[in-house]
Amino acid sequence: MGLSSWLLPSGRVSFHHSKDNELLLAKKSDDADVKSQISLADLCRAATPSSCQLNPLLFNGHLQTAYTTIKSHDIPIYYKRKMFQAENPQYSGQFAIDFVVEPYEAPIDPEVTDAARQYTLPSGLPPRTAFLTAEEFASLPSSDSKPMLVMLHGLSGGSHELYLRHVVAPLAASRRWEICVVNSRGCAQTKINSGVLYNARATWDVRQAVRWLRKTFPNRPLFGIGFSLGANILANYLGEEGDASQLKAAVLCASPWNLEVGSLALQRTWIGKEVYSKTMGSNMKRLFSQHLEEVSKNPRVDVEEVLRSTYLYEFDRALQGPTWGYPTEGAYYRDASSIDSLLAIRTPFFAVQAEDDPIATKEALPYQEITKTPYGVMCTTSWGGHLGWFEYGGSRWFVKPVTEFLNKMAFEVDLSAPVVVQNPEIVPGRISSQKGPNKDPDTAPRPDFDPMRRKLAMNMDKAELDQSDVIVV
């Protein structure tokens, strides 16, 4: 046992997954005659440190979460940006994808400057971000087979977020990965050109981004990772895609999962309401104000009511509900939550959560749901806060299991081989009949549970979307 084990307190690390039905992954081997498999649960355990040793001065979830606002050191990640115009006519507008690139000097090309003015807020682009020139964009397509990671940030964030760059840094430094970040509408200093922002089930831009990446890089295996609200969006996307998902694996970090439960939990305590909910509400009001001219054109938006809101749930009541057609913020939260979507996912995924997370609260975690599907494993730590997990010295513990999982999936698993469900007759979300001499025949009506049933339906025909062209600006 090392000295650090004596000096640093260690948090508990737990794993939650199906015990009766495992997902088996084929392992790569230099010997064609050697066929070996590893379960998703075993792979996740192997990717995760056995203990969670964090900074002893940040000894609870509130301190871990608060420390995320202190930028004690920088992680210089460079991006080149491309604007995309939405292909879904019911969700028209533009969004930005930032590609991780090698360090570069600030561009002085007039074309790039014009693009910055047209698509960027007056305050300018985030640090170390520039637009792709026409020539750079034209040279992007590649037939290489490097794995590519698609990243989704948290509420009102963007590619500049430090928690995101903590994950980018080791993967980019290895030079084995290509990485891009899908910025939600209006985030990361991007202008919007429609009267709506994004919401917690806004999967359309992710779907378009993945389709474009699949077309542009036909040989690259695609992976996904979402943080906080981005994890909720990614889980919804994976559930909507089901067997058709183009992602080989996904990571969900600090997802709120059950949005209504999480919102009520925040309102129940002074610090939850007056610190977390008020801060997130202020962040979203700031985002709203940055796009006031465009959003105020939406006839459903009462600008004064939005500006009067103080807490996140009030902001969602004033803006997200009316904008998207929900009568209350509770209806929006229930419809946009990903906790049921989990059962429709057919992509191997690894969820990492902290039990003392004051925002993605413990009572909203899918403890039961994760045991009903072979496709996912949830790792919980007793300590870490919301996207904190700060270790002594400023590094983040969660980066280790996340990047190790991605590396194992990309380089140790045979992605060309189909995943094997140990007991395929056990379908996630479906209740099985118990047979036996003392059992009556199961003749009662038993419709299958549909984890993706939504009260708010987007009527865009999926086949039409699949045949449409990807639009870039």
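The values are calculated or read from the model by the stated rules, or taken from the named source; none is laboratory data. Everything numeric in this text was worked out from a predicted model, so none of it was measured. With ideal geometry, Cβ positions are generated from the backbone for all residues, glycine too; neighbour counts draw on all protein chains shown. Ligands, DNA and RNA are stripped out before the accessible areas are found, and what is left, the full protein with its side chains, is counted by its heavy atoms. Shrake-Rupley method; radii C 1.70, N 1.55, O 1.52, S 1.80 Å.
For region 381-424, what does the alpha-carbon gyration tensor say about shape, rounded, prolate or oblate, given a ≥ b ≥ c as the root eigenvalues, a/c under 1.5 as rounded, and a/b over b/c as prolate?
oblate
Please report the accessible area of ASP440 (heavy atoms, 1.4 Å probe, ligands and nucleic acids excluded) in Å², nearest 10.
For ASP440, the solvent-accessible surface is approximately 130 Å².
Work out from phi, with θ = phi - 60° and the Karplus expression 6.51 cos²θ - 1.76 cosθ + 1.60, the ³J(HN,Hα) of each residue of region 292-305, listed in order in whole Hz, and give x for Gly and Pro.
4, 4, 7, 5, 5, 6, 5, x, 8, 9, 8, 4, 5, 5
Over what distance in Å are the Cα centres of region 207-279 and region 121-155 separated?
Cα centroid to Cα centroid, the span is 20 Å.
Using +1 on the beta carbon of Lys and Arg, -1 on that of Asp and Glu, and nothing else charged, what's the dipole of region 178-332 about the Cα centre, debye to 20?
In debye, rounded to 20, region 178-332 gives about 360.
Using +1 at the Cβ of each Lys and Arg and -1 at the Cβ of each Asp and Glu in the chain, identify which of LEU213, PRO348, LEU259 lies farthest towards the dipole's positive end.
LEU259
In percent, how large is the relative contact order of the chain, given Cα pairs closer than 8 Å and 6 or more residues apart?
After rounding, I find 24 percent.
Convert each backbone phi in region 404-419 into a coupling constant with the Karplus relation 6.51 cos²θ - 1.76 cosθ + 1.60 (shift: θ = phi - 60°), then list the ³J(HN,Hα) values in order as whole Hz, x for Gly and Pro.
Result, ordered by residue: 5, 4, 4, 5, 5, 5, 7, 10, 10, 9, 7, 6, 7, 8, x, 6 Hz.
Relative contact order of region 336-385, please, whole-number percent, based on alpha carbon pairs below 8 angstrom and at least 6 residues apart.
Relative contact order, region 336-385: 50 percent.
Check cross-link reach from LYS435 to the lysines: straight Cα distance under 25 Å, and skip same-chain residues fewer than eight apart.
The qualifying lysines are LYS19, LYS372.
Let me know the charge dipole size of region 147-264 about its Cα centre in debye, to the nearest 20, where only the beta-carbon of Lys, Arg (+1) and Asp, Glu (-1) is charged.
460 debye
Pull out a ≥ b ≥ c, the square roots of the eigenvalues of the alpha-carbon gyration tensor of region 86-186, then state rounded if a/c is under 1.5, prolate if not and a/b is larger than b/c, and oblate in the remaining case.
Rounded shape, in that the Cα axes give a/c under 1.5.
Name the lysines eligible as straight-distance cross-link partners of LYS273: C-alpha to C-alpha under 17 Å, and not fewer than 8 places from it in the same chain.
Correct list for LYS273: LYS285, LYS362.
By what distance, in whole Å, do the Cα atoms of region 28-106 stretch along each of the three principal axes, largest value first?
Principal extents (largest minus smallest coordinate, Cα): 48, 48, 37 Å.
Identify all aspartates and glutamates with a Cα-Cα distance to LYS278 below 17 Å; exclude those on the same chain that are fewer than 8 residues away in sequence.
LYS278 reaches GLU260, GLU305, GLU314, ASP316, GLU329, ASP357.
What is the sum of charges around GLN290, taking Lys and Arg as +1, Asp and Glu as -1, for the other residues whose C-beta is under 12 Å from the C-beta of GLN290?
+2
May I ask for the net charge around HIS17, where only other residues with Cβ less than 13 Å from the Cβ of HIS17 are counted and Lys, Arg are +1 while Asp, Glu are -1? Write down the numbers at each step before the final one.
Numbers: positive: LYS19, ARG45, LYS372; negative: ASP20, GLU22, ASP42, GLU369.
Surrounding charge for HIS17 is -1.
Give the span of region 276-384's Cα atoms along each principal axis, as three whole-Å numbers ordered largest to smallest.
Answer, in whole Å and largest first: 46, 29, 21 Å.
Rank these residues by their accessible area, most exposed first, probe 1.4 Å: LYS146, LYS215.
Details: LYS146 60, LYS215 145 Å².
Ranking LYS146, LYS215 by accessible area, largest first, yields LYS215, LYS146.
How high is the relative contact order of region 293-345, in percent, with contacts defined as C-alpha pairs under 8 Å that are six or more residues apart?
In percent, rounded to a whole number, it is 24.
What order, most packed first, do the peptides 423-433, 396-406 have when packing is the mean number of other Cβ atoms within 10 Å of each residue?
Highest mean packing first, the order is 396-406, 423-433.
Hey, if we sort HIS16, HIS166 by accessible area with the 1.4 Å probe, largest down, what's the order?
Working: HIS16 40, HIS166 20 Å².
My answer, sorted largest first, is HIS16, HIS166.
Take region 152-204, drop everything but the C-alpha atoms, weight them equally and run the Debye formula without solvent; then report log10 I(q)/I(0) at 0.19, 0.28 Å⁻¹ to two decimals.
Normalising to I(0) and taking log10 leaves -0.71, -1.12.
Note down the magnitude of the dipole of the chain about its Cα centre, charges +1 on Lys and Arg C-beta and -1 on Asp and Glu C-beta and zero elsewhere, to the nearest 20 debye.
So the dipole magnitude of the chain works out to roughly 540 debye.
Please give the peptides 269-278, 198-207 ranked by average Cβ packing (other Cβ atoms within 10 Å per residue), highest first, as a rough proxy for protection.
198-207, 269-278
Can you flag which of LYS80/LYS146; LYS28/LYS408; LYS146/LYS248; LYS146/LYS191; LYS28/LYS248 are past 21 Å Cα-Cα?
Distance filter (> 21 Å) returns LYS146/LYS191.
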